[in-house]
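As structure tokens, the structure follows; a few thoughts come after it.
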Amino acid sequence: MARFPHSIAVPFVFLSGLCVATLATLATLDDPSCRSKSSQTLDELTLEVTSEGVSATISNQLDGEKLTWALGTSLPRELRDPEQCSSGNICWQWGNLARLSVDKSSDDQCYEVTWSVNQLSATMDCFKIGDAKWFTGAEEYFQHFPMEPEQNKRPLVPFLPGDMLQNPLKYYGGVVEPYWLSSKGIAISVPVGIPLFANWNEDDTNEFCLAAKDEQPYNVRKNVDDPLILKYSVCVGNDIKAVHEHTIQTVYVRASSIPDTRMITHPIWSTWAQYKADINESTVLQFGNEIINHGFENSQLEIDDNWESCYGDATFSTDLKFPDPSGMVSDLKAKGFRVTLWIHPFVNIECLSWTDATSRAQPYFIQDTKTRPVLNHLPGLTYWWQGDLAGYVDFTNPTAVTWWGARLEKLKTEVGIDSFKFDAGEINWFPSSYRLGFESDTSLWPGIFTTKYAESVANFGNQIEVRVGYKAQHLDIFVRMLDKDSKWGYDNGLKTMITTLLQMNLAGYSFVLPDMIGGNGYSSDPLHQSEPPTKELFVRWLQANVFMPALQFSFVPWIFDQEVVDYSRAMAELHASFAPKIVDLANEYVLNGSPINRPICRDIYLPQGTWRDEADPLHPVYEGPMWLDSYPADLWTLPYFTLVSAESK
């Protein structure tokens, strides 16, 4: 397992079987071989101190299946046996260096583990993966469900929302919740305010580790004598479903309403994958006409990247590209479209909005801690995919949010825009050293930024979409999967569509907007050229999407042939026919937290009841529970079954 260098000197000598520290002040340090074994038990949990260090074992409530883990793996191995202390149901203390406490919750299902260390830059606990199946609350580039020890291998990195497309091993995706669920009926969750790092099977150790580190991008302690805290809860239940349903009641707050139902019913049509950044007014109008002429419905037409006069000004480029944006929008609305715009939280330094924002009394952009309070605290500069030098609007500053949002409200009023697609919001776009406007609790940095971003844009109503989620399950908006590649595999391709859907559900985000059908078609020039998917990949992608909460087209079916056009229209109509059921399931999530899409195995499993095969023209019925093995599904067959009766005959 990975170890951290610790920041204290530990001089000691060995004298013929005796263990003698050279300094009396280091009485907590000793030769590990001299350490006696001690243990304490708290119901299902047992803690032990041996010559190997501190370990814990916990059993689930039904059949005694266990989880074991090593605690304090980054602490000096020369620590003596701990002393008892008074904090928690179990409390061990190693002098002034470290304290470990364990408290059992009032509901008797969870154990809160807390490390408090001084003078050290990190503390880490490592959990055995073992033969359990593990599921995580983090969106990943190589998304498996459950996680795979080899395919999901990852070094210790900040557990924060990131753009995994920039570096799949360094960053997680945009939806990140610190939650791990085991098939053995055990769940682990970490509260906000912990500078959390995590890995998975690093160095083939068959374990994953959670660490608190005094390191960027978290708010580094100014005084090493202030405690560094690692805290997490371990919950147990009769089985995986029971412990999950119990744990989610405490780790997040559900939305109280659902997203726009037209977005659930009919497809979103985006210009992005089809045209990339090469769009103009005639392109958008042609796009709309083709959708209508081919007989497709819509929830909205989304004008994506490169409509602005300057990235961050929130005004149309009216000279050549969009000479009459309000006329364009009126034309589209007359044909039955709602019109939305792609919006990002950056302002490039060459834009007029940069000058406006930096002339204000308050800093509107995330600040650089290295700047002095001159020239109105010049913002920390960042780069993003459409700007080498830009400011990142500080959504933890209410004044900045008001300024930024007023420009979008003006767009809605003057141009007639209905709503917005909000991009970015991840932490990896921060300046290298930063300061946020949210100063009431800096332990929440930087994750609070993503939460506030999602909350801020949600004020524009339930017709929007975002691509980030961090403690934002309470919002009644669609959360989009991060861009998928036009591939078949688990390398961010088609196979990750279902696994990402299930991961987001597990993390508490049930209003999932699948990424564009067929993927984004990225080429060597990803902003200006597309490499469309093959016909087969497009059709299979469409089939995988049909029963998800929403459909999103960009690559249009008519780039293939009439067969694909007709089939795509039929699948969009099939989705629309099930939209009332999807809406019912969305409302059920609001009531009790049950996700819209629930996992089943790849071989088709039919639960108890009478089921009608809708894909087979003969519509045979099956009596569950049962498995259907090797069910045939040619390119034009989407297997699906409807419940005729909840009781088997």
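Computed from the coordinates by the stated procedures, all read-outs in this text should not be read as laboratory data. Remember, predicted model here, so these are calculated numbers, not experimental data. Backbone-built Cβ (ideal geometry, glycine too); neighbour counts: all protein chains shown.
Taking label positions 7 Å along the Cα-Cβ direction at both TRP558 and ASP131, the computed distance is 5.8 nm, reported to one decimal.
For the chain, relative contact order (Cα pairs under 8 Å, six or more residues apart, normalised by length) works out to 11 percent.
Loop-located trypsin sites (Lys or Arg not before Pro) across the stretch 208-287 with a Cβ neighbour count of 10 or fewer within 10 Å are LYS222, with loop assigned by DSSP.
Residue pairs exceeding 27 angstrom between C-alpha atoms, taken from LYS133/LYS452; LYS495/LYS535; LYS412/LYS484: LYS133/LYS452; LYS412/LYS484.
Cβ crowding within 10 Å ranks HIS266, HIS294 as HIS294, HIS266, fewest other Cβ atoms first.
Rounded to the nearest whole Hz, the Karplus-based 3J(HN,Hα) values (6.51 cos²θ - 1.76 cosθ + 1.60, θ = phi - 60°) of the stretch 251-259 follow the sequence 8, 7, 9, 6, 5, 9, 8, 10, x, with x at glycine and proline. The residues SER233, SER577, when put in order of fewest to most other Cβ atoms within 10 Å, stand as SER577, SER233.
Stretched out fully, how many nm does the piece from ARG407 to GLN529 gain, at 0.36 nm a residue minus the Cα gap? Mind showing how you got there, number by number?
Working: separation 122, 0.36 × 122 = 43.92 nm, distance 3.04 nm.
Going from the current span to full extension adds 40.9 nm.
In whole Å, how far is the Cα centre of the stretch 395-443 from that of the stretch 594-648? Between the Cα centres of the stretch 395-443 and the stretch 594-648 lies a distance of 45 Å.
Once a ≥ b ≥ c are taken as the square roots of the eigenvalues of the Cα gyration tensor of the stretch 12-251, is the result rounded (a/c under 1.5), prolate (a/b larger than b/c) or oblate (a/b not larger than b/c)?
Judged from the Cα gyration tensor, the stretch 12-251 comes out prolate (a/c at least 1.5, a/b above b/c).
Out of these labelled values of Rg and Dmax of the Cα atoms in Å, (1) 39.5, 132; (2) 27.0, 92; (3) 27.4, 87, which was calculated from the coordinates shown here? Matching entry in (1) 39.5, 132; (2) 27.0, 92; (3) 27.4, 87: (2).
Which of LEU643, LEU97 has the fewest other C-beta atoms within 10 Å, and how do the rest follow up to the most? All intermediate terms of the calculation are to be shown ahead of the outcome.
Details: LEU643 13, LEU97 19.
Ranked by crowding around the Cβ, least crowded first: LEU643, LEU97.
Working note: Karplus 6.51/-1.76/1.60 with θ = phi - 60° gives the stretch 160-165 the couplings 9, x, x, 9, 5, 5 Hz, where Gly and Pro are set to x. From the alpha carbon centroid of the stretch 251-270 to that of the stretch 295-371 is 23 Å. Think of it as helices only: each DSSP H run of n ≥ 4 in the chain is worth -39500 (n - 2.57), and spread over all residues that comes to -6500 deg cm²/dmol at 222 nm. The residues neighbouring ARG407, those whose beta-carbon lies less than 13 Å from its own, together hold a net charge of -3 under the Lys/Arg +1, Asp/Glu -1 convention. Across the stretch 381-461, the mean sequence separation of Cα contacts (distance under 8 Å, 6 or more residues apart), normalised by length, yields a relative contact order of 36 percent.
Spacing of the modelled spin labels on THR57 and LYS581, each 7 Å from Cα toward Cβ, amounts to 4.7 nm.
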